[in-house]
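Report on one structure; see the data block that follows.
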Amino acid sequence: MSDQTVKSVNPATEVLIEEFSPFTEPMIDSAIAKSDDCFKEWRKTSFEHRAELMNKAADVLDQNAERYARQMTAEMGKPLAQARAEVEKCGWVCRHYAQHAEEYLSDEPMESGGQKAYVRHLPLGPVLAVMPWNFPFWQVFRFAAPTLMAGNTGLLKHASNVWRSALNIEEVFHEAGFPEGCFQTLLIGSSAVEGIIEDSRVKAVTLTGSGPAGQSVAATAGKQLKPSLLELGGSDAFIVMPSADIETALDTAVKARTQNNGQSCIAAKRFFVHADIFDAFKEGFEARFEALTVGAPMSDETDIGPLATGQIRDELAEQVEKSKRAGAKAFHAGAGLPEKGYWFDPAILYDAPDGSPSAEEEMFGPVANVWKVDSLEDAIARANRSIYGLGSVIFTQDEDEMDMAIDHLEAGATFINTMTASDPRLPFGGIKQSGYGRELSADGIKAFVNRKTVYLA
């Protein structure tokens, strides 16, 4: 193969899985043309017809769940059980929008001085999605299901280490009977994104990824006066107060920090624990970290697999070391790690000072950062020092504390007595440097439509 091929490497073994040839410029142009041509007819289809195909897409996911999950795990290393759950969740979002799209996009009556006024929701055209590797299926389907149900067409630029998953997603829509050009995967690198956004046939762009990637996409979209939606990084706060059910809080805290090998934007990353229960929390947290099974991601016994790439592992290791040198105290789980693969021993860092990576940066891997606090006010103030504002969690039985957290935590969501999670029925997104706009629920399907005002005199 040519030097320009993209290699897919198993992060658990460092063994080459597959090689792909990126699209050429004529191939990209052809795909955009197909998307534009398809839109002209797709926009005319009924919600009933779109729903029929979207439900079929959910059926295709169900029928191929094991194959898709195994290929996902091979590509980026998440435990197989979690990959299976991810495919299942994609079926859920397809069925959700198949059922609710027409309701979400129904005409909205408005008061006016005329006989009648309302808002009608109309599709825009081809929408580009720039998606990350950490949830290879879910991130795409939470965009694709509402976008296609709204009458738009979709173009996917996926992360280059999960191109098999990207092609599998295109396969889902093809097998479900969606017309040619309705949803296409573009095997392209990040350098091709700017030109696609600038193409007049592409009407909007959504990105889930890093801050720098979001800034680049937003700048290009802004110059073209095109709508954009960004879901970026996060360093979510997880607050535990004295009235909390401590055992439930501990179980949830470990899952919230280590799910997906710790590589999740909405993972809890900074834990603020009240002094009255700090010692009990510390003891339970460390015991649970020691009990984690780090190993082969294809095993159903595994809690944590490898990180997705060697670069991610090395960056996380550097963040931990810098935080320790700055004064953070470290607890390492002591997991025996294989020689081959991009493994990381789960760790807990305590009392990292301001300015250290633990306090300031997003840490993408199984590393928890913990601080003792004297009050909820102190916890919220520390939580809000972050540049990020995606999700947040508080464990408490006190309703006044719940209200204070809801009103004052600077985040796109606050989950109470459970971990932050995305749900097709709930709006999802962040503030500050975690991005803007909302996915999922009615908000998600309205992200890329023309809210046309209609006035009848």
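In the stretch 169-271, one over the average inverse separation of all distinct C-alpha pairs is 17.0 Å, which is the Kirkwood hydrodynamic radius. Rounded to whole Å, the principal axis extents of the Cα atoms in the stretch 300-457 read 73, 41, 32, largest first. Full extension of the segment from SER243 to ALA317, taken as 0.36 nm per residue of separation minus the current Cα-Cα distance, would add 23.1 nm. Averaged over residues, the count of other Cβ atoms within 10 Å places the peptides 174-185, 39-50, 73-84 in the sequence 73-84, 174-185, 39-50, highest first. Protection proxy ranking of 259-268, 390-399, by the mean of other Cβ atoms within 10 Å over each peptide's residues and highest first, is 259-268, 390-399.
Between helix 80-104 and the chain there is an angle of about 40 degrees, using the helix long axis and the longest principal axis of the Cα atoms.
For the chain, with all protein chains present and a 1.4 Å probe, just round the carbon and sulfur fraction of the accessible area to a whole percent.
48 percent
In this label model, VAL15 and ALA280 are separated by 4.8 nm, measuring between points 7 Å along each Cα→Cβ vector. A straight Cα-to-Cα reach below 27 Å connects LYS7 with the lysines LYS78, LYS157, LYS340, residues fewer than 8 places away in its own chain not being considered.
For the chain, build the convex hull from the C-alpha positions and give me its volume per residue in Å³. Intermediate values should be presented prior to the final figure.
Details: hull volume 70.0 nm³, N = 457.
So the per-residue Cα hull volume is 153 Å³.
Give me the 1.4 Å probe accessible area per residue for the chain, excluding ligands and nucleic acids, in Å².
Per-residue accessible area for the chain comes out at 41 Å².
Over what distance in Å are the Cα centres of the stretch 165-216 and the stretch 409-457 separated? Computed from Cα coordinates, the inter-centre distance equals 21 Å. Listed by chain and number, the lysines whose alpha-carbon sits under 20 Å from that of LYS322, ignoring those within fewer than 8 places in the same chain, are LYS269. The length gained on full extension between ALA192 and ASP354, counted as 0.36 nm times the residue separation minus their Cα-Cα distance, comes to 54.5 nm.
Between THR5 and GLU66, the contour length at 0.36 nm per residue exceeds the Cα-Cα span by 19.2 nm. Helix 278-291 and the longest principal axis of the Cα set of the chain meet at an angle near 70°. Can you classify the stretch 314-356 as rounded, prolate or oblate using the Cα gyration tensor, where a ≥ b ≥ c are the square roots of its eigenvalues, rounded means a/c under 1.5, and otherwise it's prolate if a/b beats b/c and oblate if not? Since a/c reaches 1.5 but b/c is at least a/b, the shape of the stretch 314-356 is classed as oblate. When the stretch 315-452 is described by a simple charge dipole with +1 on each Lys and Arg Cβ and -1 on each Asp and Glu Cβ, the residue from GLN319, TRP371, ALA383 located farthest towards its positive end is GLN319.
Estimated at the nearest 10 Å², the accessible area of TYR342 is 40 Å² with a 1.4 Å probe. Here the simple spin-label model places points 7 Å from the Cα toward Cβ, and for GLU88 and SER30 these points are separated by 4.0 nm. Ordered by 1.4 Å accessible area with all protein chains kept, ILE406, ILE28 run largest first as ILE406, ILE28.
Relative to the Cα centre, what is the charge dipole magnitude of the chain, using +1 at the beta carbon of each Lys and Arg, -1 at the beta carbon of each Asp and Glu, and rounding to the nearest 20 debye? With Lys and Arg at +1 and Asp and Glu at -1, about 1320 debye.
Report, in deg cm²/dmol and to the nearest 500, the calculated mean residue ellipticity at 222 nm for the chain, where each DSSP H run with n ≥ 4 adds -39500 (n - 2.57) and the sum is divided by the residue count. Theoretical 222 nm ellipticity from helices: -13000 deg cm²/dmol.
Taking the Cα centre of the stretch 217-320 as reference, the dipole from Cβ charges on Lys and Arg (+1) and Asp and Glu (-1) amounts to some 740 debye. The spacing between the stretch 106-142 and the stretch 292-371, judged by their C-alpha centroids, is 39 Å.
Computed with the Debye formula from one identical point scatterer per Cα of the stretch 105-145, without solvent, the log10 of I(q)/I(0) at q = 0.29, 0.34, 0.35 Å⁻¹ comes to -0.99, -1.12, -1.15. Helix 211-223 and the longest principal axis of the Cα set of the chain meet at an angle near 30°. In the stretch 41-146, taking the dipole from charged Cβ atoms about the Cα centre, the farthest positive-side position among ALA101, MET76, PHE141 is held by MET76.
Projecting the Cα atoms of LEU307, LEU61, SER228 onto the dipole axis of the chain, where Lys and Arg carry +1 and Asp and Glu carry -1 at the beta carbon, places SER228 farthest toward the positive end. Packing order of peptides 251-258, 364-371, highest average first: 364-371, 251-258 (average count of other Cβ atoms within 10 Å over each peptide's residues).
The values are calculated or read from the model by the stated rules, or taken from the named source; none is laboratory data. Quick caveat, the model's predicted, so the values are computed rather than measured. Cβ coordinates were reconstructed from backbone atoms using ideal geometry, including for glycine residues, and neighbour counts include every protein chain displayed. Just so you know, the surface numbers come from the protein's heavy atoms only, side chains and all, with ligands and any DNA or RNA stripped out. Shrake-Rupley method; radii C 1.70, N 1.55, O 1.52, S 1.80 Å.
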